[in-house]
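The structure appears below as structure tokens.
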Amino acid sequence: MQDGKEIIWKCCLHSAMIKKAKLFIWFCSKDYDAGNNTLRNLNLYQDLFGLWEDTGLKDENGIERPAYKSWLQWVHKSKTQ
């Protein structure tokens, strides 16, 4: 079963393919939870930073999410697929 993040990820990749994108950057390879915790401890955290929690292809423990497999499949496609 797909989770919501995997569905969004697949939509992004499909859009990139349709538009014949030469580059696709996803800057959240791993969750920002640890960084946000550090910011909380330093009293620098703002609610806006919560947008980046749970957006990684891997969770805060480095465990791959379902979207990670979708990304790997897309990376290994040829340009004509």
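Odds and ends about this structure:
- Dipole magnitude of the chain, debye to nearest 20 (Cβ charges: Lys/Arg +1, Asp/Glu -1, about Cα centre): 740 debye
- In plain terms, the chain from Glu64 to His76 could stretch by 2.6 nm, reckoned as 0.36 nm per residue minus the Cα-Cα distance.
- For the residue pairs Lys19/Lys58; Lys20/Lys58; Lys20/Lys77, the C-alpha atoms sit more than 22 angstrom apart in Lys19/Lys58; Lys20/Lys58.
- Those aspartates and glutamates that a straight Cα-Cα span of less than 20 Å connects to Lys5, excepting residues fewer than 8 apart in one chain: Asp31, Asp33, Glu53, Asp54, Asp59, Glu60, Glu64
- Selection from Pro66, Asn36, Leu23, by position along the positive dipole direction of the chain (Cβ): Leu23
- Volume per residue of the convex hull around the Cα atoms, evaluated for the chain, comes out as 106 Å³.
- Extended-chain gain in nm, criterion 0.36 nm per residue less alpha-carbon gap, Ile8 and Tyr45: 10.7 nm
Bear in mind that the values in this text are calculations on the coordinates, not laboratory data. On a predicted model such as this, the values are computed, not experimentally measured, just so you know. Because the Cβ atoms are built from the backbone with ideal geometry, glycine has one as well, and the counts that use them run over all protein chains shown.
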